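Everything below concerns the one structure shown next.
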Amino acid sequence: MRTLPDAEDVRIRDGLIAGSEECLAEVYDTYSPLVYGLALQTTRDRGAAEDITQEVFVDLWQRPERFDPHRAPLGGWLSMIARRRGIDWVRRRRAQAHALAYVVEGEPEHRVEEAVLVSATHSQVRRAVADLPATHRQAVLLAYYDGLTYREVAVALNIPEGTAKWRLRNALHRIGERLTAEGIHSE
Amino acid sequence: MFENGHIGDLAGPYAVGACSPDETAAVAEHVTTCPACAAEIDTLSRTAEWIGASAARRPAPALRSRVLTAALAARPARLTEARRLSDVYAAQVAELDTLLAALSADQWRRPSKPHPTVTALMVHLSGNDRLVAAAAGIGGPHAGAGAARWNGRGADPASAGPRHTHGDDAEPPQAGMPRTRGDDAEPLEAGTSPAHGRGGIPVGGGASDVRKEWRTQAGAIIAALSHADAGLLGREVRLAGRRALRRPMREAMIQRGFETWIHAEDVRAVLDLPPQRPNGRQTADIVGFALALLPAAMRAAGHRGAVHLSLTGEGGRDHLVGEGVAVAEVSMPADRFCRLLAGRLQPEVAGAAVSGDAAAANGLLTVASTMGCE
């Protein structure tokens, strides 16, 4: 198990609470690729991803005390918020368009799009996801990027709820084990 | 909701945020008392974070200023970068000033390597500070007066005894400093140029005046920089040192704090006081400042291989100097690295642990030791 809180996260949070402009710039420089990347991945819309990135960092700056370094690392916490906002944006769009069906038609284009940030680690993670059995991969992508609950995943893939739960768990274990074997998921 | 009293397959949906709110709350509650489930959630959550990280994508550069501007409009900064940098510098200035006040007349005349006297050391520091002062628009009409006065006193160190009292000097307060070395303002270099050379700098001039001139200019720098806007912080300034580099004012301010600290160390040595490290934040600033300059300095010195530098202790960090795969590793305490940069430690006695390609590792240490302000 990793140990929380991370000392860097505590320092950044303290700096943000103190109103340090440098900490604001530092947190943006460190995490904007993560936040923007996730927002873009979920929304597939550059303008929306930029707006979400702005909202995430302005909110963090206005209320840094909401981030609890004892509960999650800063990167994980910001990812969660970016993803949630991206998903909300997509849902609002869908609601506006009255397009409610979660139809899975193969692999949507954005999911195989090469990200600009190509690090060896990121490539390994993407390969690990891509190499999952199709049934597992669809479940993970629907839950992670489209924000479906496992029940919605079950409906979308026309499988029992128990199977959807199991696939998500099993898929994450497979990815994790592979990354560990490749030496990038160590403690 | 659970299987056999454990969360079972719910761990998967939970890690990617795909449970219902009720289930999410129940899982969060359960893991507080079940180490086995907590460990699985931790593992799966990290995998989910990796998936998220693999989507990272650098946003358009213009987004940075848009976001920062929006943030600062929503909540103004209380601690600006300018304020923090000038606070660090101000603390070192106050410390050095206190030390100078404790020097006897005889101690002012003692050598402080590489300078022939403490007075010469302070003239040197003032000259380097002047690069920043001039760039900040401090100085102007009075800038040459101090030099003229020192010149008038000549090189006799005894001609004006040190006066450690404040405020009894009839000299008008001056923000400016002597333009001691011409327009290019090359730092006074006792080791490599005649210490009493160009402009006839009297290295043993009136210690009280030297101190006061330095302190006045330092105060003006602090006043000007503590409210600096982004334009001033980004303005290119000639750094002190042999290499005549031009870097943004924010880096020049870090260098001023760095040099002021190392000269406070020099004065502490004269006073037989124990050395003091800069605090962690200042150390981190100095390290960051130097690491940005190191790759070019390494290339200029003909070193090609990348070196992994591990700086330990407060303000330290791990950093790959150069590009590609590291051919060597150098590990040392961050504060000793700062002393090495300042030329106060020789590479061979810096206490660095070296592994891999010794020539590359020693090359880094040697280049680092020439990056100071002397």
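Brief remarks on what is shown
- Taken over segment B:222-340, the alpha-carbon convex hull comes to 129 cubic angstrom per residue.
- Whole-number Å³ per residue for the convex hull built on Cα positions in segment A:1-82: 83
- Scaled against 2.2 N^0.38 Å for its residue count N, the alpha carbon radius of gyration of chain A is 1.10.
- With Cα atoms, 0 to 90° folded angle of helix A:161-181 axis to chain A main axis: 60
- Full extension of the segment from B:D272 to B:R247, taken as 0.36 nm per residue of separation minus the current Cα-Cα distance, would add 5.5 nm.
- Here the extension length gained between B:A39 and B:Q346 equals 105.7 nm, from 0.36 nm per residue of separation less the Cα-Cα distance.
- Amide hydrogen proximity for B:S112: with H placed 1.01 Å from N in the peptide plane, the residues at 5 or more positions away or on another chain lying under 5 Å are B:T117, B:V118.
- By the count of neighbouring beta-carbon atoms within 10 Å, fewest first, B:K212, B:K113 end up ordered B:K113, B:K212.
- Rounded to whole Å, sorted largest first: equivalent-ellipsoid semi-axes of segment B:237-286, Cα gyration tensor: 24, 14, 6
- Estimated Rh, segment B:274-374: Kirkwood, alpha-carbon pairs, angstrom: 13.2
- Computed over segment B:243-374: relative contact order in percent, which uses C-alpha pairs under 8 Å that are six or more apart: 21
- Gain in span if fully extended, A:T121 to A:E161, counting 0.36 nm per residue against the direct Cα distance: 11.2 nm
- Sorted by Cβ density within 10 Å, fewest first, the residues B:V132, B:V118: B:V132, B:V118
- Each of B:E213, B:E40 was scored by other Cβ atoms within 10 Å of its Cβ. Arranged with the fewest first, they read B:E40, B:E213.
- Segment B:1-70 and segment B:254-310 have Cα centres lying 41 Å from one another.
- Whole-percent pair-distance distribution, where bins are 5 Å wide, for the alpha carbons of segment B:1-124: 2, 8, 10, 9, 6, 5, 7, 8, 8, 8, 6, 5, 6, 5, 4, 2, 0
- The modelled label-to-label distance between B:E29 and B:L320, using points 7 Å beyond Cα along the C-beta direction, is 4.8 nm.
Only the coordinates and a few stated rules stand behind these numbers; no lab work does. Not measured: the values here are computed from a predicted model. Ideal geometry is used to build each Cβ from the backbone, glycine not excepted, and the neighbour counts take in all protein chains shown.
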